[in-house]
Amino acid sequence: MMFPLKSAQMLQTLEKSLRKSLPVSLKVYGTVFHMNQGNPFKLKALVDKWPDFNTVVIRPQEQEMTDDLDHYTNTYQIYSKDPKNCQEFLGSPEVINWKQHLQIQSSQSSLNEVIQNLAAIKSFKVKQTQCILFMTPEMAKKLAPSLLDVKNLSPDGGKAIAINQEMFKLSSMDVTDAALVNKFWHFGGNERSQRFIERCIRTFPTVCLLGPEGTPVSWCLMDQTGEIRMAGTMPEYRAQGLISYVIYSLVQALDKLGFPIYSHTDKDNKIMQKMSLNLNHIPMPCDWNQWNCVPL
């Protein structure tokens, strides 16, 4: 069985329920939060039963998923209270279109077994990416105080280092800056990723620093799940604390809007891990997971 949650009241009930399961529900919680703020990415929520659901899948509307090769658009966020027993629900073609190139995002690495089983049954290859998941102290304080271990926070951290404000000007991004972001984004570098970045810039708050030429030299965006992503700095401006300043500025802006704020960092990217810890971002006990699925 599959139930689409259509009413505003149902989606608000879902958001409250997911909040109780943080941080393992984080990817889905962040997405549902923005669905309740006007649903700018036109997503829909499906559950296996209601109101006492086990598994929830957030996905685009069918009419948005017209390009079978566009896994940036064909993205599903999944949270399950019972990850071992959600295979039947996830296997349903009404829930996930396994014939497309797609990606699945979740804060639950325990879903891997089910996704690998489905890969064997539905005949697709799957590549899992696992990263470190960070939550901002502002979000933890509000939504998951048990995760906020004050003694582990850097006493002089939480603030960005000062930058040369005569040389760099804080600004927001323009949709024409998407090509620059796409060039440096680890998961990007193609036409479809550029379209996704353009959509994120048009839809959500962004922050960048403009350099002496008046063009962005450091930037960060957010995606439809409420996550800070795609941060980057031009190579010639690195090691000056610019990315830290940009992320700190975006966090302040999003916090004023009451948005849930979190991010992920590659396990090998020690520089960004250190920067996250310097900003007092809290590493979560669960991972950031993405499964890229390609039909064989």
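The values are calculated or read from the model by the stated rules, or taken from the named source; none is laboratory data. Quantities reported herein were computed from a predicted structural model and do not represent experimental measurements. So basically every Cβ, Gly included, is an ideal-geometry build from the backbone, and we count neighbours across all protein chains shown. Heavy atoms of the whole protein, side chains included, go into the accessibility calculation; ligands, DNA and RNA do not. Shrake-Rupley method; radii C 1.70, N 1.55, O 1.52, S 1.80 Å.
Taking 18 Å as the cut-off for C-alpha to C-alpha distance, list the pairs among Lys49/Lys81; Lys159/Lys274; Lys125/Lys267; Lys20/Lys142; Lys44/Lys127; Lys20/Lys81 that go past it. Before the final figure, lay out each step's value.
Working: Lys49/Lys81 12 Å; Lys159/Lys274 13 Å; Lys125/Lys267 23 Å; Lys20/Lys142 12 Å; Lys44/Lys127 25 Å; Lys20/Lys81 11 Å.
Beyond 18 Å between Cα atoms: Lys125/Lys267; Lys44/Lys127.
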Cleavage-rule hits (GluC sites (Glu not before Pro)) in segment 180-219: DSSP loop, at most 14 neighbouring Cβ within 10 angstrom: Glu213
Karplus-derived 3J(HN,Hα), 6.51/-1.76/1.60, for each residue of segment 277-294, Hz, glycine and proline x: 5, 5, 8, 6, 5, 9, x, 7, x, 10, 9, 8, 10, 9, 10, 8, 10, 10
Degrees separating the helix 26-35 axis from the principal Cα axis of the chain, which is the longest one: 90 degrees
Size of electric dipole in the chain: Cβ of Lys, Arg +1 and of Asp, Glu -1, about Cα centre, debye, nearest 20: 480 debye
Å² of accessible area per residue within the chain, as computed with a 1.4 Å probe and no ligands counted: 46 Å²
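Mind checking the dipole of segment 86-171: about its Cα centre, +1 per Lys or Arg Cβ, -1 per Asp or Glu Cβ, Debye to the nearest 20?
Working: 9 positive and 7 negative charges, 33 e Å.
Dipole size: approximately 160 debye.
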Neighbour-limited loop hits for chymotrypsin sites (Phe, Trp or Tyr not before Pro), segment 128-210 (at most 16 other Cβ within 10 Å; DSSP other than H, G, I, E, B): Phe187
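What do you get when you divide the Cα radius of gyration of segment 27-71 by 2.2 N^0.38 Å, with N the number of residues? Working shown, then result.
Details: Rg = 11.8 Å, N = 45, 2.2 N^0.38 = 9.3 Å.
For segment 27-71, the normalised Cα radius of gyration is 1.27.
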Volume per residue of the C-alpha convex hull in the chain, rounded to whole Å³: 128 Å³
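Given a Förster distance of 30 angstrom, what is the FRET efficiency for Arg19 paired with Lys84, based on the Cβ-Cβ distance and rounded to 0.05? Before the final figure, lay out each step's value.
Values: r = 23 Å, r/R0 = 0.78.
Between Arg19 and Lys84 the formula returns 0.80.
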Low-density loop cleavage sites - trypsin sites (Lys or Arg not before Pro) in segment 74-120, where at most 12 other Cβ are within 10 Å (DSSP): Lys99
C-alpha center-to-center spacing [segment 1-42, segment 268-292] in angstrom: 24 Å
